[in-house]
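Peer 1: Here's a structure for you.
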Amino acid sequence: MKKFNIRKVLDGLTAASSSSASAQSGSKENDAIPESLQSEHFQLCKTVRHGFPHQPSSMAFDPVQKILAIGTQSGALRLFGRAGVECYCQHESGAAVIQLQFLVNEGALVSALTDDSIHLWNLRQKQPAILHTLKFSKERITFCHLPFQSKWLYVGTERGNIYIVNVESFTLSGYVIMWNKAIELSTKTHPGPVVHISDNPMDEGKLLIGYECGIVVLWDLKCKKADCRYNYDEAIHSVAWHHEGKQFICSHSDGTLTTWNVRAPAKPVQTITPHGKQSKDGKKPEPCKPILKVEYKTTRAGDPFMVLSGGLSYDTLGRRSCLTVMHGKSTTVLEMDYPIVDFLTLCETPYPNDFQEPYAVVVLLEKDLVVIDLGQIGYPIFENPYPLSIHESPVTCCEYFADCPAELIPALYSVGCRQKRQGCSKKEWPISGGNWGQGTHSYPEILVTGHADGSVKFWDASVLMLQVLYKLKTAKVFERARGKEEKPSTDIVDEDPFAIQTLSWCPESRIFCVAGVSAHVIIYRFSKQEVTTEVIQLLEVRLQCELNDVGFPDGAVEQTPTLPTPGTTSSSPQESEPTPPTSTGSNSSDGPRDNVPCLKVRSAPLNQSPGYQVELVVQLLWVSGEPPQPITSLAVNSAYGLVVFGNSNGLAVVDYLQKTLLLHMGTLELYSPTEPYLRQPRSPRKTQPSGAVCETNEGTNTTEERCKSPTSGPTSPYNSDEERKQQRFMQKVKSKSRRFSKTVANDFAKMSRKISSPTTEHKPDMGEIVLRQCFHKQSGSVKVARKPGTAPMLDVQRSQSCGSFNTNNAFARSRSSSVTSIDRESREAISSFQLCDSFPRKTDPASAPGPSLWVGTSQGAVLAVSLSMPPDGDQRLQEHVGVSPCGTLVRLKGGVLTMAFLDTSGVLIPRPCELWFEPNATDQDRERPKRRPPASPPAYSEGQYAVVCSEKQAKVVSLPSHSCVHKHNITEASFVLRAEVVQLAGGLCIVCFCANGHIIALSLPSLRPLLDVNYLPLTDMRIARTFCFSNLGQALYMNSSMEIQRITYIQETCDNLQEMLSELFTPVETPEAPNRGFFKGLFGGGAQSLDREDLFGETTAGKASSSLAQHIPGPGGMEGMKGAASGVVGDLARARIALDERGQKLGELEERTAAMMASADSFSKHAHGIMLKYKDKKWYQL
């Protein structure tokens, strides 16, 4: 039964009561549009997390399952297997993870936290869960040790005691090793916390305990006493056993390594300082930095490996953290990019009493994970398959594209594979555990991230994985500053002048456009061929809005350019404006910076490898000491060949095919003078004296005077030296206005101007707004970077208040431009763009839609600009694009965030685009680019619906009548940070992320609420800057500086998430234990086992005190853990385990049967021989 919707009834009544017939027809059309999306189709949940673990603190490795676990200071766990196998889980307490211990080949993990709690994780299910928790209440945990194939966990504490935990039941044993019994009775001081616990590889009944003060105790578990005590003057950081159990090595705080014989506790056998300088007199080497960790691994056919971190000399102050590998007589020091957190040596066998045969070292750094190949000369590193380089440079923006063209990912990968690091190991990645998920969706997804160093990375984000495809370095376009005197001339940012501000991408045509913080825009084309660009095409734009009066000297007249009327299209700037003389930018120390960009474009030839290659660079210039405002919005359209960008001053439209500037104007100039949305002045206009008449007389000024700003440059006329001083003082005030209140600065500038020129004939209006803008031309083409400052320049003084044009093409003011200080502070910035075929004007519904530019502002206005496109082919490259502003279409609360267009059946109208072609192909091989055919018949020619979403509300407007058919207030107390119109499997909707953490979905076109979940409060601006939605119900954001969190808001994806996630645990047989050998078995020289159950069990050791720790049970013990996996993959895994166990039992039964048959045959032969021997003998002969 269809649900009754009162909202649709009210909307229908509202539309019916409208006096406009077009509004009534739009409402009827909307009532006929079916909407299949319902609230039960939406559910929000996290999927996967990518990137390097933020603030890592510990690490562990399962040598059988080949799984790596990393713990962080925020209580997070990240588990890694083969490429594409990742898992994230979180401790609820958020305490730092101090140690991790795998239950080798058991699918379980033990974690110890700084809040003195121990947790048992079940890894046999796709989303790991905690099975048991043990919370210590009286002592602080410092170290844990779990022997191989043991269920008893040793826990060392800060007081020096050692407790034993049963991993299956997670209960404490009554067996306790007290510190006062472990050390000598004669010792008067406390030994400090336990820093190391390990059992003897050849004797499980002997436990080695290391205390921080330098004492090492060999404890006999059966006799409950200390066998030997080893004393050293320096503090201990770590201990490592030789696999034969006869020696162990300790690392100390003075940079020394001491080797001890188990049976000789008096003094160490050897003491070395790996990085210490040996004195000539034979005395002890100079002390070095502490050796934080040491590992000793043996090989069958060669010298052992000794790997250690730290221990460098104190005179190496500027040296970075190093890992030292000592193999035989060679010592190799490997310098790391970041401090070392921990390292592990990967070995062929999990058994500690056998030759380890090390093959790699996993080094966990603060911001990276490095795996070193020990099997090759020079110790090269493995190529890391994980997406851990997201934070290589801080992420400044990102965009998420789903359902991209199928050939796009292979194309990016083909050019990106050439960028791989050289000199890496040729072996396969050693961390190879787990299995990929069985994903149900296989559509291509691409993530594009912009970074602070100017680089852009393209990632393959398909099937819940993330892999880097291609890296683009935009900083190559600009000159590098070699010294302080060559520092980039920008005050916008002191650091990272190449940082990416925003980006726009057309996946179909592969046209890519980025905007940087230094007010520059770069357009790229994709090419599979390598080219060398001799001269980078450059276009400089002088776009500045000053909210203060500008005084004109005597005889100076404000020059106004020719603007198009609403009914016509504008001509190209090359035709409508005269060519002024050459004007060079000034950047002297005694005057304001003017006509110079923030960055200098590269003048040398640029070798561009296959991939994205520079097509055009657009830069905003300084104006009278004021830097250009940051670019707030950017859009590119390959079908039109246009790039449009805007900031708080206005917008600019660039034709990147002809390398020309089509339009650059202030935001207020886009308004129509008669529309109700135009902001009116708040103060009355001052009346001018009766002689002050503004005339337009080109004969009164020379061309050079018209082309210069009245207040800049040494050619501006002054009446006296006092006026020059006042003018210089005014320029200083303007240059400092960014640091102080602009109201005070502007008022002070106006006062000084009035005082200095009391006899000026022309008096501008109070609060007059002047927009200065300029563009460069050189012989009808764009200015090139090889000859900076030589291009002719036109400096136009343009009023930012709109009006009509008189017969002399002079701009006649229709209203006062006077504004208050509040208006000065709240400029109307450009917040969004949309280039599409639509109805920019109220026209007859029978007319066809045409190319148009839709502009959203920070004040909630949606403005339209009509575009007149020449025909495709050669005419497109020769004729100019016409541009005509059409005024305001709709007004919303808050800044406009996104816009989209639907046809009359409610289907999303795709943006017009061009199919990709090879730009560097020869004329014979080049194919003419074609536009992408529409996905459906052009039903939108009869009418459209414009969907507009702002920070506060959303509206659906019927076109071409421009009547609002639906409106929804999204939030009142908060505001929307990111909004997007997305295509789902069942229809269209608007999804919004609000500052209060709510994620909201609205249906289209009725704007019916579908989802409202309080997900994530805005605690970090990084989330607001990087949160993005994509089609088919996916979204992501940067939850830290290193990690990307992906989420879904679709019920179907949540239901299939178990099958899509990767599987950590796979059934693998544990390697066979090493053979003891005949003589070791005969004389008892092999490893000695220990019945820990008999020693630590409740029957022998008793119960521990209940006040020591609190047990928090989980869903089940180890038996329940093995059957906890869910889903088809879990059932298959259990079936494989059962088959393996059954096959193993059958194999054992077969072996026993064969042994019994062999024994019976041997007994039969032996009995037959005896019978033959005594067959013919008498009884007395026996």
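Peer 1: For segment 324-357, name all the residues that are over 29 Å from the mean Cα position of the chain (by Cα) and closer than 23 Å to residue 273 by Cβ.
Peer 2: 324, 325, 326, 327, 328, 329, 330, 331, 332, 333, 345
Peer 1: Whether any residue in segment 1114-1121 is modelled with pLDDT of 85 or more and over 38 Å from the mean Cα position of the chain (by Cα) is what I want to check. Steps first, please.
Peer 2: The first filter runs over segment 1114-1121 and keeps only residues modelled with pLDDT of 85 or more, leaving none.
Taking every residue of segment 1114-1121 in turn, none turns out to be modelled with pLDDT of 85 or more and over 38 Å from the mean Cα position of the chain (by Cα).
Yes/no per residue for (1) open to solvent by 10 Å² or more (accessible area, probe 1.4 Å); (2) in contact with a Cys (Cβ under 9 Å, 6 or more places away or on another chain):
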site: 608; (1), (2): yes, no
site: 614; (1), (2): yes, no
site: 617; (1), (2): no, no
site: 620; (1), (2): no, yes
site: 626; (1), (2): yes, no
site: 634; (1), (2): yes, yes
site: 639; (1), (2): yes, yes
site: 642; (1), (2): no, no
site: 653; (1), (2): no, no
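Peer 1: I would also like to ask the following. How about segment 437-478: which strands (runs of 3 or more DSSP E) wholly inside it have at least 1 residues that are aromatic (Phe, Trp, Tyr)?
Peer 2: 455-460, 467-473
Peer 1: Can you tell me which of 984, 977 is open to solvent by 20 Å² or more (accessible area, probe 1.4 Å), aliphatic (A, V, I, L, M) and within 14 Å of residue 1035 (Cβ to Cβ)?
Peer 2: Answer to the selection: 977.
Peer 1: Going residue by residue through segment 935-948, is there one that turns out to be open to solvent by 70 Å² or more (accessible area, probe 1.4 Å), at pLDDT below 90, in contact with a Leu (Cβ under 7 Å, 6 or more places away or on another chain) and closer than 30 Å to residue 36 by Cβ?
Peer 2: No: zero hits.
Peer 1: If you don't mind, another one. Please enumerate the residues belonging to segment 321-343 that are hydrophobic (A, V, I, L, M, F, W, C) and either part of a strand (DSSP E or B) or open to solvent by 30 Å² or more (accessible area, probe 1.4 Å) (or both).
Peer 2: Of everything in segment 321-343, those that are hydrophobic (A, V, I, L, M, F, W, C) and either part of a strand (DSSP E or B) or open to solvent by 30 Å² or more (accessible area, probe 1.4 Å) (or both) turn out to be 322, 323, 325, 326, 333, 334, 340, 341, 343.
Peer 1: Can you tell me which of (1) in contact with a Ser or Thr (Cβ under 9 Å, 6 or more places away or on another chain); (2) assigned to a strand (DSSP E or B) is the one residue 234 doesn't meet?
Peer 2: (2)
Peer 1: Report whether or not residue 481 is touching a Lys or Arg at 6+ places or on another chain (Cβ under 6 Å) and either open to solvent by 30 Å² or more (accessible area, probe 1.4 Å) or of a type in the set (Gly, Ala, Ser) (or both). Let's see the steps before the verdict.
Peer 2: Numbers: touching a Lys or Arg at 6+ places or on another chain (Cβ under 6 Å): yes; either open to solvent by 30 Å² or more (accessible area, probe 1.4 Å) or of a type in the set (Gly, Ala, Ser) (or both): yes.
Spelling it out, residue 481 is indeed touching a Lys or Arg at 6+ places or on another chain (Cβ under 6 Å) and either open to solvent by 30 Å² or more (accessible area, probe 1.4 Å) or of a type in the set (Gly, Ala, Ser) (or both).
Peer 1: List the residue pairs whose Cβ atoms are under 7 Å apart, where the first residue sits in segment 620-640 and is within 24 Å of residue 852 (Cα to Cα), the second is among the acidic types (Asp, Glu) and open to solvent by 20 Å² or more (accessible area, probe 1.4 Å), and the two are 6 or more positions apart or on different chains.
Peer 2: Filtered contacts from segment 620-640: 638/914; 639/914.
Peer 1: Let me confirm something: among 1029, 1078, 993, which residue is among the aromatic types (Phe, Trp, Tyr), modelled with pLDDT under 95 and either under 30 Å from residue 356 (Cα atoms) or within 23 Å of the chain's Cα centre (by Cα) (or both)?
Peer 2: Exactly one of 1029, 1078, 993 is among the aromatic types (Phe, Trp, Tyr), modelled with pLDDT under 95 and either under 30 Å from residue 356 (Cα atoms) or within 23 Å of the chain's Cα centre (by Cα) (or both), namely 1078.
Peer 1: Would you be able to say whether some residue in segment 36-53 is part of a strand (DSSP E or B) and open to solvent by less than 10 Å² (accessible area, probe 1.4 Å)?
Peer 2: Checked segment 36-53: at least one residue is part of a strand (DSSP E or B) and open to solvent by less than 10 Å² (accessible area, probe 1.4 Å).
Peer 1: For residue 228, indicate whether it is surrounded by fewer than 21 Cβ atoms within 10 Å (Cβ to Cβ) and in a loop (DSSP other than H, G, I, E, B). Please lay out each step first, then the result.
Peer 2: Values: surrounded by fewer than 21 Cβ atoms within 10 Å (Cβ to Cβ): yes; in a loop (DSSP other than H, G, I, E, B): no.
Criteria not met by residue 228.
Peer 1: Let me spell it out: the conditions are (1) within 25 Å of residue 229 (Cβ to Cβ); (2) surrounded by 18 or more Cβ atoms within 10 Å (Cβ to Cβ), and residue 287 meets all of them except one. Which number is the exception?
Peer 2: Going through the list (1) within 25 Å of residue 229 (Cβ to Cβ); (2) surrounded by 18 or more Cβ atoms within 10 Å (Cβ to Cβ), residue 287 breaks only (2).
Peer 1: Here is a follow-up. If you scan segment 1123-1180, which residues turn out to be part of a helix (DSSP H, G or I), open to solvent by 100 Å² or more (accessible area, probe 1.4 Å), at pLDDT below 70 and over 30 Å from residue 436 (Cβ atoms)?
Peer 2: 1145, 1179, 1180
Peer 1: Of everything in segment 151-184 that's aliphatic (A, V, I, L, M) and not in a strand (DSSP E or B), which residue is nearest to residue 97 (Cα to Cα)?
Peer 2: Only one residue tops the list, namely 167.
Peer 1: May I ask you to verify whether residue 1018 is in a loop (DSSP other than H, G, I, E, B), open to solvent by 40 Å² or more (accessible area, probe 1.4 Å) and farther than 30 Å from residue 365 by Cβ?
Peer 2: Criteria met by residue 1018.
Peer 1: While we're here: So the check is Cβ under 7 Å with 6+ separation or different chains; which pairs have a first residue in segment 344-368 that's assigned to a strand (DSSP E or B) and a second one that's open to solvent by less than 40 Å² (accessible area, probe 1.4 Å) and of a type in the set (Asp, Glu)?
Peer 2: 345/295; 360/373; 364/342
Peer 1: Something else about it: Pull out all pairs, ordered by first then second residue, where Cβ-Cβ is under 9 Å, the residues are six or more apart or on different chains, the first lies in segment 1100-1113 and is within 18 Å of residue 222 (Cα to Cα) and of a type in the set (Ser, Thr, Tyr), and the second is at pLDDT 85 or above and open to solvent by less than 50 Å² (accessible area, probe 1.4 Å).
Peer 2: Short answer, once both residue conditions are applied: 1100/174; 1100/175.
Peer 1: Let me ask you something else. Please determine whether any residue of segment 306-313 is part of a loop (DSSP other than H, G, I, E, B) and either at pLDDT 95 or above or touching an Asp or Glu at 6+ places or on another chain (Cβ under 7 Å) (or both). Give the steps one after another, and end with the answer.
Peer 2: The first filter runs over segment 306-313 and keeps only residues part of a loop (DSSP other than H, G, I, E, B), leaving 311-312.
Right, trim to either at pLDDT 95 or above or touching an Asp or Glu at 6+ places or on another chain (Cβ under 7 Å) (or both) and you get none.
No, segment 306-313 contains no residue that is part of a loop (DSSP other than H, G, I, E, B) and either at pLDDT 95 or above or touching an Asp or Glu at 6+ places or on another chain (Cβ under 7 Å) (or both).
Peer 1: I would also like to ask the following. Going by what's in this entry, would residue 898 be described as within 20 Å of residue 963 (Cα to Cα) and open to solvent by less than 10 Å² (accessible area, probe 1.4 Å)?
Peer 2: no
Peer 1: Looking only at segment 203-216, filter to residues that are of a type outside the set (Asp, Glu) and over 48 Å from the mean Cα position of the chain (by Cα); which one of those is surrounded by the most Cβ atoms within 10 Å (Cβ to Cβ)?
Peer 2: The selected residue is 206.
Peer 1: Pairs only if they're at least six apart or on different chains, beta carbon under 8 angstrom, first in segment 641-657 and more than 21 Å from residue 876 (Cα to Cα) and modelled with pLDDT under 95, second open to solvent by 10 Å² or more (accessible area, probe 1.4 Å) and basic (Lys, Arg); list them, first residue then second.
Peer 2: 648/827; 649/827
The values are calculated or read from the model by the stated rules, or taken from the named source; none is laboratory data. The model shown is predicted, which means the values in this text are computed figures rather than measured ones. Ideal geometry is used to build each Cβ from the backbone, glycine not excepted, and the neighbour counts take in all protein chains shown. Surface accessibility is based on the protein's heavy atoms, side chains included, excluding ligands, DNA and RNA. Shrake-Rupley method; radii C 1.70, N 1.55, O 1.52, S 1.80 Å.
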